[in-house]
1. Restricting attention to region E:50-74, which residues are buried (at least 17 other Cβ atoms within 10 Å of the Cβ) and under 23 Å from E:MET179 (Cα atoms)?
2. Any residue in region E:138-149 that is outside the structural domain of E:ILE24 (by the TED database) and farther than 20 Å from E:LEU182 by Cα?
3. Could you list, in sequence order, all residues of region D:181-199 that are at pLDDT below 95, closer than 21 Å to E:PRO169 by Cβ and more than 16 Å from ligand 3 (Cβ to nearest atom)?
4. C:SER144 - would you say it is surrounded by 19 or more Cβ atoms within 10 Å (Cβ to Cβ) and more than 14 Å from chain D (Cβ to nearest Cβ)?
5. Being closer than 22 Å to B:ASP163 by Cα and at pLDDT below 90, is that true of even one residue in region B:41-64?
6. Show me the helices (runs of 4 or more DSSP H) found entirely inside region E:143-232 where at least 2 residues are within 16 Å of ligand 2 (Cβ to nearest atom) and within 14 Å of chain D (Cβ to nearest Cβ).
7. Taking region D:3-48 as the search range and keeping residues that are in contact with a helix residue (DSSP H, G or I) (Cβ under 6 Å, 6 or more places away or on another chain) and more than 27 Å from E:SER138 (Cβ to Cβ), which one is modelled with the highest pLDDT?
8. Listed residues A:ASP211, A:ASP174; which is touching a helix residue (DSSP H, G or I) at 6+ places or on another chain (Cβ under 8 Å), surrounded by 22 or more Cβ atoms within 10 Å (Cβ to Cβ) and closer than 25 Å to A:ASP37 by Cβ?
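The values are calculated or read from the model by the stated rules, or taken from the named source; none is laboratory data. This structure is a prediction, so every number in the text was calculated from the model and none was measured. Cβ placement follows ideal geometry from the backbone for every residue including glycine, while neighbour counts extend to all protein chains displayed.
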Amino acid sequence: DTLAKIKASGSVTEGVRESSGLSYTLGNGQYTGFHYDVCANIIEDIKKQLNLPNLQVKYQPVTSQNRIPLVKNGTVDLECGSTTNTEARQRDVAFAVTTYVEEVRVLVKANSGINGLEDLAGKTIATTTGTTSVQTLRKHKRAEGVNFKEIFGKDHADSFLLLEGGRADAFVMDGSILAANVAKSKEPAAYKILDEVLSVEPIAIMLRKDDPAFKKLVDDSIKEQISNGTLAKLWDKWFLQPIPPAGVTIGLPLSAATQAAWDDPNDKPMEAYSVQE
Amino acid sequence: MLDLDFSFYNWAMISDFVLKGFYFSLVLTLIATLGGIVLGTLLALMRLSEKPFLVWPALVYVNGMRSIPLVMVILWFFLLVPLIIGQPIGAEISAVVTFIAFEAAYFSEIIRAGIQSIPRGQVMAGEALGMTYAQNMRLVVLPQAFRNMLPVMLTQTIILFQDTSLVYAIGAYDMLKGFETAGKLFGRPVEAYLLAAVVYFVICYSLSRLVRRLHQKIAIIR
Amino acid sequence: MNWDWEIFFQDPGGQHTTYLEWLMSAWGWTLSVSLLALLLALLMGFMIGTLRTLPKHPGWVLFGTGWTELFRNIPLLLQIFLWYHVIPALVPPLKELSGFVLVVLALGFFTSARISEQVYSGIRALPKGQFYAAQALGMTTWQSYRYVILPRAGRIILPPLVNEMMSIVKNSSVAFAVSVSELTLFALQVQEETARGVEVYLAVTGLYVVSALAINLLMGQIERRVQIPGLVLPGATGGGH
Amino acid sequence: MIELKQVSKWYGAVQVLNDCSAQIHKGEVVVVCGPSGSGKSTLIKTINALEPIQQGEIWVDSIPLHDPKTNLPKLRSRVGMVFQHFELFPHLSVTENLTLAQVKVLGRSLDEAKKHGLEYLERVGLIAHKDKFPGQLSGGQQQRVAIARALSMDPIVMLFDEPTSALDPEMVGEVLDVMVSLAKEGMTMVVVTHEMGFARKVSNRVIFMDVGGRILEDCSRDEFFGNPDARQPRTREFLDKILHH
Amino acid sequence: MIELKQVSKWYGAVQVLNDCSAQIHKGEVVVVCGPSGSGKSTLIKTINALEPIQQGEIWVDSIPLHDPKTNLPKLRSRVGMVFQHFELFPHLSVTENLTLAQVKVLGRSLDEAKKHGLEYLERVGLIAHKDKFPGQLSGGQQQRVAIARALSMDPIVMLFDEPTSALDPEMVGEVLDVMVSLAKEGMTMVVVTHEMGFARKVSNRVIFMDVGGRILEDCSRDEFFGNPDARQPRTREFLDKILHH
Ligand SMILES: Nc1ncnc2c1ncn2[C@@H]1O[C@H](COP(=O)(O)OP(=O)(O)OP(=O)(O)O)[C@@H](O)[C@H]1O
Ligand SMILES: Nc1ncnc2c1ncn2[C@@H]1O[C@H](COP(=O)(O)OP(=O)(O)OP(=O)(O)O)[C@@H](O)[C@H]1O
Ligand SMILES: [Mg+2]
Ligand SMILES: [Mg+2]
């Protein structure tokens, strides 16, 4: 099991992302982000519990395609990117208690005249290849009967460019990603995020399946971080203050859904959540 | 019109994001070229031998490898080998191994053509002087074949240098990825890609000029 | 490993009724992009490669060399990006072109640079006497190329040309970057939707291999068909006593 | 028929033809010989405008080759040329080799071209091989096809560049026989060759070139072979070497 | 020295040597001639074990070539061979061509090999060219270097396969001169050639082969040239063709 493996090898491998909202690189093999900080605290707790002050931390960058196989095949012990907890994935891996609840939303140009989902009829909608956001939109009942064209960007920056360059009229994606892209853009005031929330998704740290001891340690560490206010401070640091490397402020207040998840720590999959309208 | 903003490029940023990737691309290209040539030469010799138990494995390997997209080879190796050997392997090592294995298939075809372009008389001349097969290959055939094939090998190396970007699939970090990541973090993807295109062009073009000159220098006087 | 191939019969929602149907349509897009780009690449490649061998027209030679160097020295993915996001900003009418057309252009031009290099060396590998012989019979430069030089050069470069043709199928995967719903986009998207990455990648890898091998076999047939009786092609086995 | 006036040619800085002048009349057979690299091939190629010249004038059938306005393909179609290495088109059958230029250049119908071409193939004794490919013929046979190919364009003059020197000794005779019979029928011919037997038997004149692209001798056959003392020392030395071993 | 006993060889279904037997003694010079494709090159190559045989026996210096246990590279290092197309190694300088096999095969030191090789280069009159590359030499010069390369291995016999037929007529003499002087010094030589002048001047015996790989004649020089009536019709026909044109 994982704890024994960590003890034996004297090292733990953390899965990180090159550029996602919760974990990203600063270049030169350094990583940072909201989830990165949460995991750093977890690793401190592992050190304490295993009495390994010199525990070595290895970083393995992962992509949305390989993160699950890498956790399964033992390369990554603790995946601290931004992975949605779903029923399908729970067949392959385990998730720690939810640290962040994502809301899928719609970004449009401020002067586009689009004010709600019903205005999307006949429009072109961008989303990123390898995400499920558009699927959500397709199934959303307020958008039912609304026909729109889908266009895929190869990554979030690319999808945003589709909107910016006029190839798409809207960009459907996780709210934090939309906010970050707007914040970094040349003209943040030119965009607006629609009020409707298409779906909510619990994002959690991913672990190997069937390892209750390790999961308990991670869960306890997160619960402790919630109760002592560490998580709230990290929120402030990453979503309300200027962040490296460019020093922009994302400006995303703590959502009610995330607050609810913190109030009652759980590892329920996305399917157990429903959209509050 | 485009309104471009390159202000985010400064030395600290380049050294943080691009240089490491550049270094990785360079080293990977170098190792994969050398390894690919060595393994490819072996494969070429196997295919040219007249023994079926050597010809067939080489044939299957070369044609199989050339049919699979490189990115899939990389991914499969990275994901499946740990399951087989029961122990994770690093992205860098995976990249090096898969690139050598993949490039060997391409280089073997180039080298085979090179060896076949050497007149049979040259082989006979070496044999007639009492050289063994190995001596003949090493001293007579391969030196000429490599000289003749240098331009084609160069083209393959340029392709290889560009293909190093496929290591994104296993989370390794090459030059293109460096530009891309920087572009994303600063919200300036167009500028990042434009600069990347220029840098790639300059590197690849200089490389091809350099090898062309080298080729003229070591070309066999006929 | 526990397999789950059932997922291919699930309903993805949207225009396809099963993932299998989507997979087949994705394969169709991959083949369409590849074949159209191949056509363009062969056309341009032969034209540019030929231009580069016309010593009396330094302008054309320069153009051909420039084309070749430009399109082969920038990674394909970058070229696609420039075609999609940058060039239309400079030339607004191009905005109207779909991602499919742009990717065929980009992939076609990229490959044409590499084919032009082969055509160029194939022509140069012909004995100079063949040019003389054609001209001595009163053929114009165009006629010499059309009836003598290109048919011979084409045969000489057939093996490396097959390499390029197999590569183009694999390289067509970049089309996902401009939202063409081909195999790679299918793989990226569906492994996410179904969480069955291994099965999806296996299926997609299989289809790529089948496509590339089909080209390999087809070209093998063609190579046999156009073989010149009695002529040992350069590269087949060295001649001499 | 053919006139060269002070022709000079350079490859880069190297001069390969140096102030060459000569006249060839209708029905004449002229043999050109000389050491390797002396410019024999270059000279004969300039007569067909296959190589441009930098100085001087060349007239073929009263048409000025050096004039940029001259339609060179048209002129070349009236001058037949046979090369040392045959230069048949290996991807075309013998019949196709014979008809291609007749159809595409002279605009003859395929039937006409075939009939015409096969007549000449018959003449060189190879009608049985009409459907083979060049690679399936011996060197001597290939060279005879090459001659038939040139003849089927109905040229006013035939140029030969060492037509037998790439052949097996036994096959040289076959090709020389065809050339001798052509000469006897009154074809105007310029032949680069070292076959002194041929020169002795059928040539009217012999031109001897030396390295540097200069014409050293241009005299009648009888003068060339019969009066060695009047020859230049370089010519005598060359003849010595190739006649005695 | 060399003995062939009923040697036969096939390429696939085609027989290229048919029951060939011959003996060559120390110090003999044997000329092999015959039409193209008759198997002359193949015969001479089997003596060097460059081509395997399917039937018969070949002994060189009492070593059985047909025995699979024979160390062929070692044996070949004692048999010198000169090819029609010279086959110098174009990527190596003249000196390197001369020393490569001496060092790698015979295990001589580089100095020794150089000294030895340059002696032979001097003999063929090319010491001034020792640092050039083969591509910078004329054909006749290249062939002389090839002879020096073979000689510097101190062979017990020299095999020549049409050594002059790829040369310009003017250069043939240079190479033949070297071969004549070798013959006069008592070197054992087997020479495939159509230079009947050479055969007349220095050979002891002439072997004539016909298509199908059969040895038609094997007789002394004087018998071969002096007594045409005793020859086979095919031999007379061949000699006619190559001697008269
Ligand atoms: N394309 C070229 N570029 C530069 N030099 C050339 C070229 N073609 C021929 N030459 C040089 O021009 C000179 C004359 O060549 P040419 O082929 O006319 O000689 P030749 O008398 O026909 O010789 P040979 O008997 O070997 O055929 C030679 O010195 C040759 O090296
Ligand atoms: N590698 C091979 N495969 C098949 N057939 C061959 C091969 N090499 C030679 N032959 C055939 O064997 C026969 C004898 O060839 P060889 O080269 O010994 O003839 P040769 O007498 O030397 O002729 P030449 O005077 O043209 O050199 C020819 O019919 C030839 O076509
Ligand atoms: Mg010549
Ligand atoms: Mg031979």
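1. E:LEU50, E:VAL60
2. Filtering region E:138-149 for residues outside the structural domain of E:ILE24 (by the TED database) gives E:138-149.
Retained after the next criterion (residues that are farther than 20 Å from E:LEU182 by Cα): E:138.
Checked against the condition, which is being outside the structural domain of E:ILE24 (by the TED database) and farther than 20 Å from E:LEU182 by Cα, region E:138-149 yields at least one hit.
3. Hits for region D:181-199 are D:MET196, D:GLY197, D:PHE198, D:ALA199.
4. No: the conditions fail for C:SER144.
5. Yes, some residue in region B:41-64 is closer than 22 Å to B:ASP163 by Cα and at pLDDT below 90.
6. On the way: elements: E:169-184, E:196-202, E:221-226.
Passing ranges, in order: E:196-202.
7. D:VAL29
8. Values: A:ASP211 fails: surrounded by 22 or more Cβ atoms within 10 Å (Cβ to Cβ).
Exactly one of A:ASP211, A:ASP174 is touching a helix residue (DSSP H, G or I) at 6+ places or on another chain (Cβ under 8 Å), surrounded by 22 or more Cβ atoms within 10 Å (Cβ to Cβ) and closer than 25 Å to A:ASP37 by Cβ, namely A:ASP174.
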